[in-house]
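To start, the structure under review is shown below, and the notes come after it.
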Amino acid sequence: MAKERRRAVLELLQRPGNARCADCGAPDPDWASYTLGVFICLSCSGIHRNIPQVSKVKSVRLDAWEEAQVEFMASHGNDAARARFESKVPSFYYRPTPSDCQLLREQWIRAKYERQEFIYPEKQEPYSAGYREGFLWKRGRDNGQFLSRKFVLTEREGALKYFNRNDAKEPKAVMKIEHLNATFQPAKIGHPHGLQVTYLKDNSTRNIFIYHEDGKIVDWFNALRAARFHYLQVAFPGAGDADLVPKLSRNYLKEGYMEKTGPKQTEGFRKRWFTMDDRRLMYFKDPLDAFARGEVFIGSKESGYTVLHGFPPSTQGHHWPHGITIVTPDRKFLFACETESDQREWVAAFQKAVDRPMLPQEYAVEAHFKHKP
């Protein structure tokens with residue numbers, strides 16, 4: 001009998017809506033919340049265990065199932081749960097994927113089932129009001145210490161601001177929503193709630209690194225996405241949600257260490273931390289630097305950009321053996337990777353940019369771009 005019940009649960013997994021985790025979309029979920037009626041992956045099941053007042057989980061394959069639990073799963077399932085718990089998710093709200101950090105997935109699951117924010121829109125106030133202020137821990141640019149700073153996000157002014165003192169009249173920095181990006185970087189920042197915010201100043205990228213002690217940082221993240229969404233709706237009045245949502249925030253295509261040499265390619269190679277952000281390849285002395293030592297714009301093949309494995313024959317001075325050459329209309333950039341797999345991943349990231357035709361506004365960025373040595 002127990003085998004039959006388990007087989008019945010396994011058969012429910014074959015329904016189209018149940019083939020992926022109800023929360024992060026990972027394929028082949030083999031856990032289930034028998035109080036919510038959803039099939040979930042191992043990683044999300046751990047988060048469900050932390051909210052036992054809402055969700056109780058079992059392994060589809062290993063645990064014993066009662067008849068009533070099997071019937072409950074049969075009458076619910078992932079599609080039914082989405083229809084109920086995700087009925088009013090704002091377009092701008094970030095839906096996590098299997099590769100996203102624990103915090104993003106945890107807050108999505110809590111927002112859905114525990115706080116029921118997408119059933120009752122009035123609970124979305126923290127990120128949909130167009131204004132938010134509060135204290136976040138911000139990393140100091142020079143000393144690397146995290147200090148509490150007041151942050152204000154105002155859609156009306158189109159800016160995120162922070163103040164060095166609570167009573168300060170003037171902000172230390174004003175970051176325009178138009179040029180702002182936010183991405184979770186827990187490993188890099190060394191805090192599970194670490195968020196990297198970038199913005200443009202004088203056409204150069206600036207980084208700030210912040211965190212909040214609890215999951216509220218996800219509300220800040222979604223408030224920033226909401227502000228960008230409303231800015232883009234005005235900037236591109238004909239565009240639909242499907243066009244705008246991918247532009248709200250972006251994760252970096254690739255990050256890591258490479259070696260680089262200067263424009264004359266006669267000086268030695270130096271190890272630098274590189275970040276590939278859309279078409280901007282930035283390099284830093286340290287991953288947590290406030291601004292890049294230099295940036296390289298990577299355009300499309302139609303505009304004369306090419307990515308090559310290896311170095312020109314006469315290249316010297318590199319310690320790492322696996323070379324990459326990026327040919328631009330102005331010059332060649334040479335980079336060295338420590339391992340062959342690093343080289344492969346970087347080439348793939350560069351090739352992705354080169355293969356993609358440039359948008360009209362990207363030509364303007366290219367024209368303004370100053371290649372720093």
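Candidates A226, A168, A187, A182: the one that is assigned to a strand (DSSP E or B) and small (G, A, S) is A182. Contact annotation: residue pairs with Cβ atoms under 7 Å, 6 or more positions apart or on different chains, pairing a residue in the range 229-248 that is farther than 21 Å from Y131 by Cα with a partner that is surrounded by fewer than 17 Cβ atoms within 10 Å (Cβ to Cβ), are D241/S91.
Out of all the residues in the range 65-90, which are under 22 Å from R7 (Cα atoms), of a type in the set (D, E, K, R) and in contact (Cβ under 8 Å) with a residue 40 or more places away in the chain? E66, E67, D79 - these are the residues of the range 65-90 that are under 22 Å from R7 (Cα atoms), of a type in the set (D, E, K, R) and in contact (Cβ under 8 Å) with a residue 40 or more places away in the chain. The single condition from (1) open to solvent by 20 Å² or more (accessible area, probe 1.4 Å); (2) in a strand (DSSP E or B); (3) not acidic (D, E) that K352 fails is (2). Checking the stated criteria, R132 turns out to be under 17 Å from G215 (Cβ atoms) and charged (D, E, K, R).
Only residues that are under 23 Å from T183 (Cβ atoms), part of a loop (DSSP other than H, G, I, E, B) and open to solvent by 20 Å² or more (accessible area, probe 1.4 Å) were counted in the range 291-314, giving 1.
When residues in the range 162-178 are screened for being touching a residue at least 40 places away in the same chain (Cβ under 8 Å) and more than 14 Å from W220 (Cβ to Cβ), 1 of them pass.
Does E213 fit the bill of being among the acidic types (D, E) and not in a loop (DSSP other than H, G, I, E, B)? Answer is no for this residue.
Cβ-Cβ distances below 7 Å connect no pair with a first residue in the range 305-333 that is assigned by the TED database to the domain that holds K260 and over 21 Å from G256 (Cβ atoms), a second residue that is in a strand (DSSP E or B) and among the acidic types (D, E), and a separation of six or more residues or different chains.
Checking each residue in the range 282-305 for being at pLDDT 95 or above, within 16 Å of T328 (Cα to Cα) and within 20 Å of the chain's Cα centre (by Cα) picks out no residue at all.
If you filter the range 130-161 down to residues that are in contact (Cβ under 8 Å) with a residue 12 or more places away in the chain, in a loop (DSSP other than H, G, I, E, B) and of a type outside the set (D, E, K, R), you find that the one that is farthest from I177 (Cα to Cα) is G144. For the range 103-120, what are the residues that are surrounded by fewer than 16 Cβ atoms within 10 Å (Cβ to Cβ) and not hydrophobic (A, V, I, L, M, F, W, C)? E114, R115, Q116, Y120 - these are the residues of the range 103-120 that are surrounded by fewer than 16 Cβ atoms within 10 Å (Cβ to Cβ) and not hydrophobic (A, V, I, L, M, F, W, C). For the range 334-347, the candidate set comprises residues that are surrounded by fewer than 17 Cβ atoms within 10 Å (Cβ to Cβ) and in contact (Cβ under 8 Å) with a residue 40 or more places away in the chain; within that set, the residue that is nearest to R280 (Cα to Cα) is E345. Look at the range 27-44: where a residue is touching a residue at least 40 places away in the same chain (Cβ under 8 Å) and at positive phi and a partner is among the hydrophobic types (A, V, I, L, M, F, W, C) and open to solvent by 20 Å² or more (accessible area, probe 1.4 Å), sitting 6+ places away or on another chain with Cβ atoms under 9 Å, you get G37/F72; G37/A74; G37/A80.
Just to be sure before I move on: is T339 modelled with pLDDT under 95 and under 22 Å from R272 (Cα atoms) in the structure I sent? No. The single condition among (1) at pLDDT below 95; (2) open to solvent by less than 20 Å² (accessible area, probe 1.4 Å) that A168 does not satisfy is (2). Being assigned to a loop (DSSP other than H, G, I, E, B) and open to solvent by 30 Å² or more (accessible area, probe 1.4 Å) is true for just one of P246, P287, P263. Which residue is that? Exactly one residue qualifies, and that residue is P263. Checking each residue in the range 263-292 for being aliphatic (A, V, I, L, M) and closer than 23 Å to N143 by Cα picks out M282, L288, A290, A292.
Within the range 207-236, the set of residues being touching a helix residue (DSSP H, G or I) at 6+ places or on another chain (Cβ under 8 Å), polar (S, T, N, Q) and either open to solvent by less than 30 Å² (accessible area, probe 1.4 Å) or under 19 Å from F184 (Cα atoms) (or both) comprises just one member, N222.
All of K352, K332 fail the test of being within 13 Å of R279 (Cα to Cα) and among the basic types (K, R), apart from K352.
Residues checked against (1) at pLDDT 95 or above; (2) within 16 Å of the chain's Cα centre (by Cα); (3) assigned by the TED database to the domain that holds Y283:
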{"site": "Q196", "(1), (2), (3)": "yes, yes, no"}
{"site": "S204", "(1), (2), (3)": "no, no, no"}
{"site": "I208", "(1), (2), (3)": "yes, yes, no"}
{"site": "Y211", "(1), (2), (3)": "yes, yes, no"}
{"site": "D214", "(1), (2), (3)": "no, no, no"}
{"site": "N222", "(1), (2), (3)": "yes, yes, no"}
{"site": "A227", "(1), (2), (3)": "yes, no, no"}
{"site": "A235", "(1), (2), (3)": "no, no, no"}
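The values are calculated or read from the model by the stated rules, or taken from the named source; none is laboratory data. If you're wondering where the values come from, they're calculated on a predicted model, not measured in any experiment. Using ideal geometry, Cβ is built from the backbone for each residue, glycine included, and neighbour counts are taken over all protein chains shown. Each accessible area value is taken on the protein alone, full model and side chains, heavy atoms only, with ligands, DNA and RNA left out. Shrake-Rupley method; radii C 1.70, N 1.55, O 1.52, S 1.80 Å.
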